[in-house]
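Asks: Let me begin by handing over the structure; questions about it come next.
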Amino acid sequence: MADVPSNAPAHCPGTASEDAGKVSACQGCPNQALCASGASKAPDPAIQEIKEKMMSVKHKILVLSGKGGVGKSTVSAHLAHGIASDDTKQVALLDVDICGPSIPKMMGVEGEQVHQSGSGWSPVYVEENLGVMSVGFLLSSLDDAIIWRGPKKNGLIKQFLRDVDWGEVDYLIVDTPPGTSDEHLSIVQYLSATPVDGAVIITTPQEVSLQDVRKEINFCQKVKLPIIGVIENMSGFVCPKCQHESQIFPPTTGGAMKMCKDLNIPFLGKVPLDPRIGKSCDEGKSFLSEIPDSPACVAYKDIVKRIQEHCDTHSSEVEKNA
């Protein structure tokens with residue numbers, strides 16, 4: 001969790017817990033006296049620092065998935081490309097999938113280095129209006145494994161949110177790891193003082209994916225994170241030659257559309273499986289500009305429009321209630 005110090009023992013209950021400094025796991029911890037005194041329950045000062053940093057970011061979107069392998073990072077990359085296709089929009093893509101940072105390769109900036117200045121870390125720019133930050137830029141080798149416990153991951157997420165010099169940004173898209181773990185709790189906590197437009201949740205049509213997405217929806221509800229909507233990725237296979245569509249992952253329980261209807265969650269659309277999407281990602285190119293007339297590209301453009309409409313409405317409500 002975000003409130004577990006980096007030097008804490010394995011079963012630390014967290015500094016914000018009622019058990020902080022009082023349970024057996026706290027014995028021998030250098031923070032025990034501080035936690036037991038209750039002083040550790042004070043808000044993390046980084047939350048206020050991040051709030052001030054995020055004042056230059058108009059819209060903040062978290063991309064989530066209950067299960068790995070559903071194309072979450074692919075969707076994150078193409079949402080960024082889709083919004084940045086409007087030259088008047090400044091877009092930032094933040095990769096907090098610490099152990100599987102695939103965004104640099106998908107965005108065509110693999111092997112680039114992060115530079116530090118007096119104003120913080122400088123993002124790596126794909127286009128003049130599209131910047132990227134990822135732990136992938138901090139590795140000495142592309143094959144290096146990141147073997148970190150939660151507190152170290154949380155520390156890097158805090159650094160990304162507080163220390164990256166994005167400048168004035170219209171949309172910050174955050175690509176998160178699968179599931180509902182430390183990284184998700186951390187980013188929600190660190191952004192708790194600044195308005196977040198919401199989460200875009202990625203699934204595939206089959207029930208084995210949907211059952212984990214329901215948990216992701218439950219997570220969002222528990223931490224009071226608004227849900228922009230659900231995208232059904234790999235929804236049928238469209239043949240690039242004849243445009244015929246086949247169901248590779250059959251929606252045995254009705255797919256994401258039915259789930260959204262049952263749970264009263266917005267459904268953003270379906271993106272068909274197209275092998276050219278994977279090829280574009282491997283080559284670090286935008287599928288949206290490479291194959292602009294494909295059914296998947298048309299679907300992405302419609303989804304981007306829906307997300308932007310939601311963000312505009314959310315901003316109006318925030319200003320109204322301010």
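Asks: By the scheme Lys and Arg +1, Asp and Glu -1, what is the net charge of all other residues having a beta-carbon under 12 Å from that of GLU283?
Replies: Around GLU283, the charge tally is +1.
Asks: Continuing with the same structure: Work out, step by step, the length gained on full extension between GLU283 and GLU52: first 0.36 nm times the residue separation, then minus their alpha carbon distance; give nm to one decimal.
Replies: Details: separation 231, 0.36 × 231 = 83.16 nm, distance 3.66 nm.
The span from GLU283 to GLU52 would gain 79.5 nm if fully extended.
Asks: I'd like the distance separating the alpha-carbon centroids of segment 251-303 and segment 111-129, in whole Å.
Replies: With segment 251-303 and segment 111-129 each reduced to a Cα centre, they are spaced 29 Å.
Asks: Based solely on its DSSP helices, what 222 nm [θ] is calculated for the chain when runs of n ≥ 4 H residues each add -39,500 (n - 2.57) and the sum is averaged over all residues, nearest 500 deg cm²/dmol?
Replies: Computed mean residue ellipticity for the chain: -11000 deg cm²/dmol.
Asks: With r as the distance between the Cβ atoms of MET257 and PHE237 and R0 = 25 Å, compute the FRET efficiency 1/(1 + (r/R0)^6) and round to 0.05. All intermediate terms of the calculation are to be shown ahead of the outcome.
Replies: On the way: r = 18 Å, r/R0 = 0.71.
After rounding, the FRET efficiency stands at 0.90.
Asks: So, one more: Counting only protein chains, not ligands or nucleic acids, how are LYS152, LYS72 ordered by accessible area (probe 1.4 Å), most first? Don't skip to the end; give the middle numbers.
Replies: Numbers: LYS152 120, LYS72 15 Å².
If we order LYS152, LYS72 from most to least accessible, we get LYS152, LYS72.
Asks: Roughly how many Å² of SER286 are accessible to a 1.4 Å probe, to the nearest 10?
Replies: Estimated to the nearest 10 Å², SER286 gives 20 Å².
Asks: OK, next. Identify which of the listed values of Rg and Dmax of the Cα atoms in Å was calculated from the structure shown: (i) 23.3, 78; (ii) 18.7, 56; (iii) 20.2, 69.
Replies: (iii)
Asks: Let me ask you something else. Can you work out ³J(HN,Hα) from phi for every residue in segment 18-30, in order, using Karplus 6.51 cos²θ - 1.76 cosθ + 1.60 and θ = phi - 60°, giving whole Hz and x for Gly and Pro?
Replies: Couplings: 5, 8, 4, x, 10, 9, 4, 5, 7, 4, x, 6, x Hz.
Asks: Next up: Please list, ordered by chain and number, the residues whose modelled amide H lies under 5 Å from the amide H of ILE227; skip anything fewer than 5 residues away on the same chain.
Replies: ALA199
Asks: Also: If I stretch the segment between GLU317 and ASP19 completely, what's the gain in nm (0.36 nm per residue apart, minus their alpha carbon distance), one decimal? Please report the intermediate quantities before stating the final value.
Replies: Details: separation 298, 0.36 × 298 = 107.28 nm, distance 3.83 nm.
The GLU317-ASP19 span can extend by a further 103.5 nm.
Asks: Pop out the ³J(HN,Hα) list for segment 65-70 in order, Karplus 6.51 cos²θ - 1.76 cosθ + 1.60 with θ = phi - 60°, rounded to Hz; leave Gly and Pro as x.
Replies: After applying 6.51 cos²θ - 1.76 cosθ + 1.60, I find 8, x, 10, x, x, 9 Hz.
Asks: Need one number: nm distance between label points at CYS99 and LYS222, each 7 Å from Cα along Cα→Cβ, rounded to one decimal.
Replies: 1.9
Asks: Longer than 21 Å from Cα to Cα, which of LYS72/LYS105; LYS53/LYS89; LYS89/LYS301; LYS53/LYS222 are they? Say none if no pair is.
Replies: Values: LYS72/LYS105 14 Å; LYS53/LYS89 19 Å; LYS89/LYS301 15 Å; LYS53/LYS222 26 Å.
Where the Cα-Cα span goes over 21 Å, the pairs concerned are LYS53/LYS222.
Asks: If you don't mind, there's one more thing I want to ask. Quickly work out the GLN247-to-SER37 label distance, labels modelled 7 Å from Cα along the C-beta direction, and quote it in nm with one decimal.
Replies: The two pseudo-label positions are separated by 6.3 nm.
Asks: Sticking with this structure for a sec: What's the carbon and sulfur percent of segment 1-157's accessible surface, probe 1.4 angstrom, rounded to a whole number?
Replies: Working: 3700 of 7470 Å².
Of the solvent-accessible surface of segment 1-157, carbon and sulfur hold 50 percent.
The values are calculated or read from the model by the stated rules, or taken from the named source; none is laboratory data. In this text the structure is predicted, and so the values were computed from the model without any measurement. Virtual Cβ from ideal backbone geometry, glycine too; neighbours counted across all protein chains shown. With ligands, DNA and RNA removed, areas are computed over all heavy atoms of the protein, side chains included. Shrake-Rupley method; radii C 1.70, N 1.55, O 1.52, S 1.80 Å.
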